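A.B. asks: One structure, as structure tokens, below. Some questions next.
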Amino acid sequence: MNAPAQLTHADSLTVRRLNIDLKQGFPRHWNGEDAFMTAFFNALSMSFPVGEQFFIDSVRSGEKQLGQTSEDERLRANIKKFIGQEATHRFLHGQYNDHLSVQGLHNTWADRALQQREKLYRKTKNSSQPHLHELALTAAYEHITSVLGNDVMVSMHQPHDLLLHAHPKMQTLWRWHAAEEMEHRDIAFDLYQHLGGNYQRRVFWYFFALLRFTTDALRQTVRNLWDDKTLHHPRTWWSVLRFVFGRQGCIRRFTRPLLAYCQRDFHPKQHGDDALYTQWLQDNQAVWQALG
Ligand SMILES: [Fe+2]
Ligand SMILES: [Fe+2]
């Protein structure tokens with residue numbers, strides 16, 4: 001029996017267990033038999049365990065700076081749920097990535113992300129507010145993931161849906177993750193603002209994150225295609241062109257919401273359609289259970 005849905009806003013974030021079994025594996029080209037679209041999503045998955053641990057550590061170090069006001073308490077409660085959601089994502093994507101290793105793929109993004117994290121800690125350790133650098137970077141990545149998450153919801157079942165023909169289990173995993181990224185998209189941002197983070201630092205780390213994300217996603221996707229021996233297939237490159245430059249390609253779909261982050265009065269809740277992800281969670285209550 002599923003717990004009743006608590007879905008509508010960040011003050012009622014829900015930590016969920018997803019009822020899918022990734023240990024049994026999934027087809028090699030699980031995303032509609034499309035080697036590129038599979039390699040791209042696999043690349044994202046490879047970055048999550050390290051990335052999401054960094055997000056968890058960042059909000060934890062921010063949480064230590066909170067006081068006792070009602071706003072501090074509200075943030076503290078949301079941070080706890082945020083950590084619960086990201087820890088669940090990290091766990092499931094760890095299982096997902098184990099199966100990618102069995103399929104013969106090599107994760108190079110995780111090692112690079114670990115090195116980047118150590119470099120960031122070294123560079124900011126003498127700063128008076130190292131937690132603000134980490135939080136700005138986390139808020140930046142949370143915006144990027146929520147833009148992708150919103151797109152997965154907005155385009156659902158339309159011809160340009162990135163998961164239109166995906167294996168049902170993988171479609172469930174990615175839509176659930178997208179829904180929760182939408183649901184908690186303001187947590188790191190609100191914490192950063194509340195602790196006095198300024199606009200310049202926020203935008204600096206955002207462009208840093210965008211550059212790193214684009215470069216690392218590209219490198220890992222190419223590596224996945226290489227390992228899959230589909231890098232040189234014409235069908236792969238047709239899919240790349242359609243994904244990047246097509247009428248409903250990522251340049252058209254993602255440029256505007258990504259750049260919105262640079263507005264001075266930006267707030268994550270101004271962007272994205274909450275009704276879509278809440279509806280998906282409502283319609284798919286059979287695949288998840290609320291925890292705690
Ligand atoms: Fe996540
Ligand atoms: Fe997230």
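A.B. asks: Residues Q65, Q116, Q85: which one is of a type outside the set (G, A, S), touching a residue at least 40 places away in the same chain (Cβ under 8 Å) and closer than 29 Å to V240 by Cβ?
C.D. replies: Q116
A.B. asks: If you don't mind, there's one more thing I want to ask. Name the pairs: first residue in region 273-292 and assigned to a loop (DSSP other than H, G, I, E, B), second residue of a type in the set (F, W, Y), Cβ to Cβ under 9 Å, at least 6 apart or on different chains?
C.D. replies: Close Cβ pairs (under 9 Å, with a partner that is of a type in the set (F, W, Y)) amount to N284/W176.
A.B. asks: Continuing with this model, one more query. Only one of (1) away from ligand 1 (no atom under 16 Å from the Cβ); (2) surrounded by fewer than 24 Cβ atoms within 10 Å (Cβ to Cβ); (3) at pLDDT 95 or above is not met by H157, so which one is it?
C.D. replies: (3)
A.B. asks: Now for a separate question. Those residues that are over 27 Å from H160 (Cβ atoms) and either more than 16 Å from ligand 2 (Cβ to nearest atom) or not basic (K, R) (or both), I need them from region 16-51; list them, please.
C.D. replies: R17, N19, D21, K23, Q24, G25, P49, V50
A.B. asks: Please find, among R252, R185, R175, the residue that is at pLDDT 95 or above and not in a loop (DSSP other than H, G, I, E, B).
C.D. replies: Within the list R252, R185, R175, the selection yields R175.
A.B. asks: Could you grab me the full set of residues in region 125-160 that are farther than 15 Å from L211 by Cα, assigned to a helix (DSSP H, G or I) and among the hydroxyl-bearing types (S, T, Y)?
C.D. replies: Scanning region 125-160 gives a single hit, S146.
A.B. asks: Only residues that are surrounded by 19 or more Cβ atoms within 10 Å (Cβ to Cβ) and in a helix (DSSP H, G or I): list them for region 85-111, please.
C.D. replies: Q85, E86, T88, H89, L92, H93, Y96, N97, L100, W109
A.B. asks: Right, something else. Taking T172 as the residue in question, decide whether it is hydroxyl-bearing (S, T, Y) and under 26 Å from L18 (Cβ atoms).
C.D. replies: yes
A.B. asks: Now for a different question. If you check every pair at least six apart or on different chains, which have Cβ atoms under 6 Å apart with a residue in region 36-53 that is touching a residue at least 60 places away in the same chain (Cβ under 8 Å) first and a residue that is within 16 Å of ligand 2 (Cβ to nearest atom) and charged (D, E, K, R) second?
C.D. replies: Pairs found: P49/R90.
A.B. asks: Additional query: Could you check, for region 195-210, whether at least one of its residues is away from ligand 2 (no atom under 16 Å from the Cβ), in a helix (DSSP H, G or I) and surrounded by 20 or more Cβ atoms within 10 Å (Cβ to Cβ)?
C.D. replies: There is at least one residue in region 195-210 that is away from ligand 2 (no atom under 16 Å from the Cβ), in a helix (DSSP H, G or I) and surrounded by 20 or more Cβ atoms within 10 Å (Cβ to Cβ).
A.B. asks: Can you name the residue in region 123-154 that is in contact with a Pro (Cβ under 9 Å, 6 or more places away or on another chain) and of a type in the set (A, V, I, L, M, F, W, C) and is also surrounded by the most Cβ atoms within 10 Å (Cβ to Cβ) among such residues?
C.D. replies: Of everything passing the filter in region 123-154, A139 is surrounded by the most Cβ atoms within 10 Å (Cβ to Cβ).
A.B. asks: From the set of residues in region 24-55 that are away from ligand 1 (no atom under 13 Å from the Cβ) and of a type in the set (S, T, N, Q), which is nearest to Q220 (Cα to Cα)?
C.D. replies: By that ranking, first place goes to N42.
A.B. asks: Okay, moving on. Restricting attention to region 217-231, does a residue exist that is surrounded by fewer than 18 Cβ atoms within 10 Å (Cβ to Cβ), within 14 Å of the chain's Cα centre (by Cα), among the small types (G, A, S) and part of a helix (DSSP H, G or I)?
C.D. replies: Yes, because at least one residue in region 217-231 is surrounded by fewer than 18 Cβ atoms within 10 Å (Cβ to Cβ), within 14 Å of the chain's Cα centre (by Cα), among the small types (G, A, S) and part of a helix (DSSP H, G or I).
A.B. asks: If the Cβ limit is 6 Å and pairs must be 6+ apart or interchain, which residue in region 178-201 that is among the β-branched types (V, I, T) pairs with which residue that is assigned to a helix (DSSP H, G or I)?
C.D. replies: I187/N78; I187/F82
A.B. asks: Considering only residues of region 183-199 that are in contact with a Lys or Arg (Cβ under 8 Å, 6 or more places away or on another chain) and among the charged types (D, E, K, R), which is nearest to ligand 1 (Cβ to nearest atom)?
C.D. replies: Ranking the qualifying residues of region 183-199, first place goes to R185.
The values are calculated or read from the model by the stated rules, or taken from the named source; none is laboratory data. Fair warning: this is a prediction, and the values are worked out from it, not measured in the lab. Backbone-built Cβ (ideal geometry, glycine too); neighbour counts: all protein chains shown.
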